[in-house]
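Have a look at the structure below, then the notes.
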Amino acid sequence: MKLFGYGLKLMDAFLLFIPIALALELSHAPGWAVFISSLLAIIPLAGRMGEATEELTKYLGPNAGGFLNATFGNATELIIALIAIDKGLFELVKASITGSIVGNLLFVLGLAILLGGHKIKEQKFNTKAAGVNSSMMLIAVISMIIPSAFFIFSKTPASELAFQTEEISLLVSVILIICYLLSLYFSFRTHKYLFHTSEHSEEAGKPALSRNAAIALLILCTIGVAVMAELFIGAIESFLAKPIAYNILGFAGTLAIHELFLGAVVVAVIGNATEHISAVIAAIKDNMDLAISITAGSSIQIALFVAPLLVIISFLMGKPMDLVFTLFEILAVFASVIIVN
């Protein structure tokens, strides 16, 4: 199965933005220039990470390969979020979490169904697997709402509320990760027959890369994403600190970019770019099981693994982040899950 081949040649052209972004950063260029160049540089790196992961799954088999995909599927977003946490951009991180979940469940899945249905009038998928994914997503969302509900309705004095909310977020995070590990065991060991798709499955094919080459590619791309993410977040900091001045055709003014928009739209889209492409291509190739698995699976990974892992790591970094989301974010995620269900 070669889902990434369609776009990799086109995306490879964007690798030129890696030296461009570094040169702009070293020359102290305007923040918007560093922002755009580093953003475009992350796209091909994320694509190659996806290719390396896909190649490794051919060596490791479906079970270990599934875990590898779960680990590296959201690696780009995880790296960006960790750098943002280190710089104290907690609202940006939480917005990217909600943006990724909503984007995967509504926009990407909807686009996959639309384009797949345009080519093939009637498509089939495994309803049992889809039902399990829906249930897991609902559990994850309800669990993530608990810290926010405590923060909103608690009568605890303000001086103690923040500390208690952080403690609850940490506890919920540990529980969510345990649920995630149990879901992996359920999916790949005890009930893997529920997720078996014989009619629409594609042949894995022979590996195009050796095992060592795939591992080396994965490591190099991860390092590249980390470097570009550092520049990307640094540019975002400059946006948030100072509005962008513009003068276009005599119309001058300033443009302020909100942290919610940057997280929910920009970071969420770039962090999951390869998964978005893969899901759409899978649907066009009449593999709706894979398209649903990618979109729902990615959302489950973010809610049950990435978000709680970020909370735990933030505590270890000495910069604790809670799981308190705005009412708008809560309603958006909850509505997305209900619509998909």
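The values are calculated or read from the model by the stated rules, or taken from the named source; none is laboratory data. All values reported here derive from a predicted model rather than from experimental measurement. In this analysis, Cβ positions are derived from the backbone assuming ideal geometry, glycine residues included, and neighbour counts consider all displayed protein chains.
Sub-9 Å Cβ pairs linking a first residue in the stretch 10-21 that is in contact (Cβ under 8 Å) with a residue 24 or more places away in the chain and of a type in the set (A, V, I, L, M) to a second residue that is surrounded by fewer than 18 Cβ atoms within 10 Å (Cβ to Cβ) and assigned to a helix (DSSP H, G or I), at least 6 apart or interchain, are Ala21/Ala33; Ala21/Ile36, ordered by first then second residue.
Residues that are modelled with pLDDT under 85 and surrounded by 24 or more Cβ atoms within 10 Å (Cβ to Cβ) do not occur anywhere in the stretch 310-325. Restrict the check to the stretch 224-236 and report whether at least one residue is crowded, with 18+ Cβ neighbours inside 10 Å, at pLDDT 80 or above, under 15 Å from the mean Cα position of the chain (by Cα) and more than 19 Å from Gly88 (Cα to Cα). Within the stretch 224-236, one or more residues are crowded, with 18+ Cβ neighbours inside 10 Å, at pLDDT 80 or above, under 15 Å from the mean Cα position of the chain (by Cα) and more than 19 Å from Gly88 (Cα to Cα).
Among the residues that make up the stretch 176-190, is at least one of them in a helix (DSSP H, G or I), surrounded by fewer than 21 Cβ atoms within 10 Å (Cβ to Cβ), at pLDDT below 80 and of a type in the set (Phe, Trp, Tyr)? Taking every residue of the stretch 176-190 in turn, at least one turns out to be in a helix (DSSP H, G or I), surrounded by fewer than 21 Cβ atoms within 10 Å (Cβ to Cβ), at pLDDT below 80 and of a type in the set (Phe, Trp, Tyr).
Listed conditions (1) within 24 Å of Ala282 (Cβ to Cβ); (2) surrounded by 14 or more Cβ atoms within 10 Å (Cβ to Cβ) are all met by Glu122, apart from (2). Within the stretch 278-299, residues that are within 16 Å of Gly110 (Cβ to Cβ) sit with their Cβ atoms under 6 Å from residues that are in a helix (DSSP H, G or I) and among the acidic types (Asp, Glu), at 6+ positions apart or across chains, in these pairs: Ile294/Glu275; Ser298/Glu275.
In the set Leu24, Leu15, Leu56, Leu82, only one residue is at pLDDT below 90, surrounded by 18 or more Cβ atoms within 10 Å (Cβ to Cβ) and of a type outside the set (S, T, N, Q); that residue is Leu56.
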